[in-house]
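The values are calculated or read from the model by the stated rules, or taken from the named source; none is laboratory data. On a predicted model such as this, the values are computed, not experimentally measured, just so you know. For neighbour counting, all protein chains shown are included, and Cβ atoms are generated from backbone atoms with ideal geometry for every residue, glycine included. With ligands, DNA and RNA removed, areas are computed over all heavy atoms of the protein, side chains included. Shrake-Rupley method; radii C 1.70, N 1.55, O 1.52, S 1.80 Å.
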Amino acid sequence: MPRLVLIRHAKSGWDDPCLTDHQRPLAPRGQEAAPKIGAWLAAQGVMPDEVLCSDACRTRQSWDLIAPHLGDVVPALVPALYHAGPDVILRHLRGATGQCVVIVGHNPGIGEFAGMILRTLPDHAAFAAYPTAATLIADLPGDGWGAASYGSATPVAFTVPRDL
(Lines give C-alpha, C1' and ligand atoms only; values in the text may rest on other atoms or scores of the structure.)
Protein backbone atom coordinates (compact mmCIF):
# COMPACT_ATOMS: atom_id res chain seq x y z
CA MET A 1 0.00 0.00 0.00
CA PRO A 2 1.54 3.34 -1.02
CA ARG A 3 2.23 5.76 1.82
CA LEU A 4 2.03 9.53 1.34
CA VAL A 5 3.49 12.21 3.60
CA LEU A 6 2.40 15.81 3.07
CA ILE A 7 4.52 18.48 4.78
CA ARG A 8 3.96 22.20 4.70
CA HIS A 9 7.27 24.05 4.97
CA ALA A 10 8.31 25.22 8.44
CA LYS A 11 7.89 28.84 9.56
CA SER A 12 9.66 31.24 7.23
CA GLY A 13 11.05 34.68 7.83
CA TRP A 14 10.04 38.02 6.38
CA ASP A 15 13.04 39.94 7.74
CA ASP A 16 14.72 40.83 4.45
CA PRO A 17 12.51 42.99 2.20
CA CYS A 18 15.00 42.56 -0.65
CA LEU A 19 14.20 38.85 -0.99
CA THR A 20 11.44 37.56 -3.22
CA ASP A 21 8.84 35.23 -1.75
CA HIS A 22 10.62 32.32 -3.45
CA GLN A 23 13.90 33.25 -1.71
CA ARG A 24 12.55 33.59 1.84
CA PRO A 25 14.48 31.37 4.30
CA LEU A 26 13.25 29.69 7.45
CA ALA A 27 12.78 31.76 10.57
CA PRO A 28 14.45 30.56 13.79
CA ARG A 29 11.11 29.03 14.84
CA GLY A 30 11.06 27.05 11.59
CA GLN A 31 14.65 25.92 12.07
CA GLU A 32 13.62 24.55 15.45
CA ALA A 33 10.39 22.93 14.27
CA ALA A 34 11.60 21.07 11.18
CA PRO A 35 13.94 18.62 12.98
CA LYS A 36 11.09 17.82 15.41
CA ILE A 37 8.94 16.84 12.45
CA GLY A 38 11.75 14.63 11.16
CA ALA A 39 12.08 12.89 14.53
CA TRP A 40 8.30 12.44 14.73
CA LEU A 41 8.21 10.90 11.24
CA ALA A 42 11.03 8.52 12.16
CA ALA A 43 9.14 7.51 15.32
CA GLN A 44 6.12 6.76 13.09
CA GLY A 45 8.28 4.41 11.02
CA VAL A 46 8.29 6.63 7.94
CA MET A 47 11.21 5.92 5.62
CA PRO A 48 10.58 7.69 2.31
CA ASP A 49 12.09 6.47 -0.90
CA GLU A 50 10.99 9.52 -2.92
CA VAL A 51 10.70 13.19 -2.02
CA LEU A 52 9.05 15.82 -4.21
CA CYS A 53 9.91 19.26 -2.91
CA SER A 54 9.05 22.76 -4.08
CA ASP A 55 12.22 24.52 -5.16
CA ALA A 56 11.58 27.53 -2.87
CA CYS A 57 14.26 28.24 -0.28
CA ARG A 58 11.98 27.58 2.72
CA THR A 59 10.80 24.18 1.46
CA ARG A 60 14.33 23.07 0.65
CA GLN A 61 15.57 24.21 4.06
CA SER A 62 12.66 22.46 5.78
CA TRP A 63 13.51 19.18 4.03
CA ASP A 64 17.22 19.58 4.80
CA LEU A 65 16.38 19.75 8.54
CA ILE A 66 13.84 16.90 8.41
CA ALA A 67 15.90 14.54 6.25
CA PRO A 68 18.66 13.50 8.70
CA HIS A 69 16.04 11.55 10.64
CA LEU A 70 14.78 9.68 7.57
CA GLY A 71 17.72 8.30 5.64
CA ASP A 72 19.59 9.41 2.54
CA VAL A 73 16.79 10.39 0.17
CA VAL A 74 17.76 13.20 -2.19
CA PRO A 75 14.73 15.36 -2.95
CA ALA A 76 13.55 16.04 -6.46
CA LEU A 77 13.18 19.82 -6.61
CA VAL A 78 9.97 20.50 -8.52
CA PRO A 79 9.44 24.15 -9.52
CA ALA A 80 5.76 23.45 -10.30
CA LEU A 81 5.15 22.67 -6.60
CA TYR A 82 5.90 26.28 -5.66
CA HIS A 83 2.45 27.52 -4.56
CA ALA A 84 0.85 24.62 -6.45
CA GLY A 85 -2.85 23.95 -6.22
CA PRO A 86 -4.31 20.50 -5.48
CA ASP A 87 -4.58 19.42 -9.13
CA VAL A 88 -0.89 20.14 -9.79
CA ILE A 89 0.09 18.25 -6.64
CA LEU A 90 -2.09 15.30 -7.67
CA ARG A 91 -0.54 15.25 -11.15
CA HIS A 92 2.97 15.06 -9.68
CA LEU A 93 1.92 12.41 -7.16
CA ARG A 94 0.52 10.28 -9.98
CA GLY A 95 3.98 10.33 -11.57
CA ALA A 96 5.75 9.18 -8.40
CA THR A 97 7.53 5.84 -8.34
CA GLY A 98 8.45 5.34 -4.67
CA GLN A 99 6.50 3.27 -2.18
CA CYS A 100 6.65 6.04 0.46
CA VAL A 101 6.46 9.51 -1.09
CA VAL A 102 6.95 12.81 0.72
CA ILE A 103 5.70 16.07 -0.78
CA VAL A 104 6.97 19.32 0.74
CA GLY A 105 4.94 22.33 -0.31
CA HIS A 106 3.06 25.50 0.53
CA ASN A 107 -0.34 26.62 1.67
CA PRO A 108 -3.00 26.99 0.59
CA GLY A 109 -2.37 24.18 -1.92
CA ILE A 110 -0.79 21.53 0.34
CA GLY A 111 -3.49 21.92 2.99
CA GLU A 112 -6.29 21.85 0.42
CA PHE A 113 -4.76 18.79 -1.21
CA ALA A 114 -4.50 17.03 2.16
CA GLY A 115 -8.19 17.61 2.80
CA MET A 116 -9.18 16.50 -0.71
CA ILE A 117 -7.09 13.31 -0.92
CA LEU A 118 -8.49 11.90 2.34
CA ARG A 119 -11.66 9.86 2.79
CA THR A 120 -12.05 11.16 6.35
CA LEU A 121 -10.26 14.03 8.02
CA PRO A 122 -8.03 13.61 11.07
CA ASP A 123 -9.56 14.57 14.39
CA HIS A 124 -7.16 17.44 15.01
CA ALA A 125 -8.09 21.07 15.63
CA ALA A 126 -5.25 22.39 13.43
CA PHE A 127 -5.88 20.24 10.37
CA ALA A 128 -8.15 22.73 8.56
CA ALA A 129 -5.57 25.53 8.90
CA TYR A 130 -2.61 23.26 7.98
CA PRO A 131 -0.15 25.56 9.79
CA THR A 132 3.56 25.72 9.07
CA ALA A 133 5.29 22.34 9.37
CA ALA A 134 1.93 20.54 9.57
CA THR A 135 2.51 16.93 8.52
CA LEU A 136 0.07 14.26 7.39
CA ILE A 137 0.79 10.57 6.90
CA ALA A 138 -1.79 8.76 4.77
CA ASP A 139 -2.12 5.41 3.03
CA LEU A 140 -3.61 5.03 -0.42
CA PRO A 141 -5.20 1.89 -1.83
CA GLY A 142 -3.62 -0.06 -4.66
CA ASP A 143 -0.06 -0.71 -5.66
CA GLY A 144 0.97 2.53 -7.32
CA TRP A 145 0.34 6.22 -7.60
CA GLY A 146 -1.09 6.34 -11.11
CA ALA A 147 -4.64 5.84 -9.87
CA ALA A 148 -4.38 8.20 -6.88
CA SER A 149 -7.59 10.17 -6.60
CA TYR A 150 -9.36 12.57 -4.31
CA GLY A 151 -11.22 10.95 -1.42
CA SER A 152 -9.17 7.75 -1.58
CA ALA A 153 -6.54 8.02 1.19
CA THR A 154 -6.84 6.90 4.78
CA PRO A 155 -5.24 9.16 7.39
CA VAL A 156 -2.64 7.41 9.54
CA ALA A 157 -1.33 10.33 11.63
CA PHE A 158 -1.22 14.12 11.66
CA THR A 159 0.84 16.53 13.72
CA VAL A 160 1.98 20.12 14.02
CA PRO A 161 5.10 21.39 15.82
CA ARG A 162 3.10 22.51 18.88
CA ASP A 163 2.20 18.86 19.50
CA LEU A 164 5.86 17.84 19.73
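For the chain, DSSP calls about 45 percent of its internal beta bridges antiparallel.
The residues of the chain expose, per residue, 46 Å² of accessible area to a 1.4 Å probe. In terms of accessible area, using a 1.4 Å probe and ignoring ligands and nucleic acids, Met116, Met47, Met1 rank largest first as Met1, Met47, Met116. How would the stretch 1-43 be classified by its alpha-carbon gyration tensor: rounded, prolate or oblate, with rounded meaning a/c under 1.5 and the a/b versus b/c comparison settling the rest? Here the stretch 1-43 falls in the oblate category.
Within the listed set Leu70, Leu90, Leu19, the residue fluctuating most in the Gaussian network model of the chain (springs between alpha-carbon atoms under 10 angstrom) is Leu19.
Just add up the charged neighbours of Pro161: K/R +1, D/E -1, any other residue whose Cβ is under 13 Å from the Cβ of Pro161. Neighbourhood net charge equals +3. Of Pro68, Pro141, Pro17, the residue with the greatest mean-square motion in the GNM of the chain, using alpha carbon springs below 10 Å, is Pro17.
In the stretch 15-120, the C-alpha radius of gyration followed by the widest Cα-Cα span (Dmax) gives 13.8, 42 angstrom.
Counting charges near Gly85 (Lys, Arg +1; Asp, Glu -1) among other residues having Cβ under 13 Å from its Cβ returns a value of -1.
Taking the stretch 64-164 on its own, what percent of its Cα-Cα pair distances exceed 25 Å? So the portion of pairs separated by more than 25 Å is 15 percent. Which chymotrypsin sites (Phe, Trp or Tyr not before Pro) does the stretch 104-164 hold that lie in a coil by DSSP with at most 14 other beta carbons within 10 Å? Filter output for the stretch 104-164: Tyr150. Charge tally for Val102 (other residues, Cβ to Cβ under 11 Å; Lys, Arg +1; Asp, Glu -1): -1.
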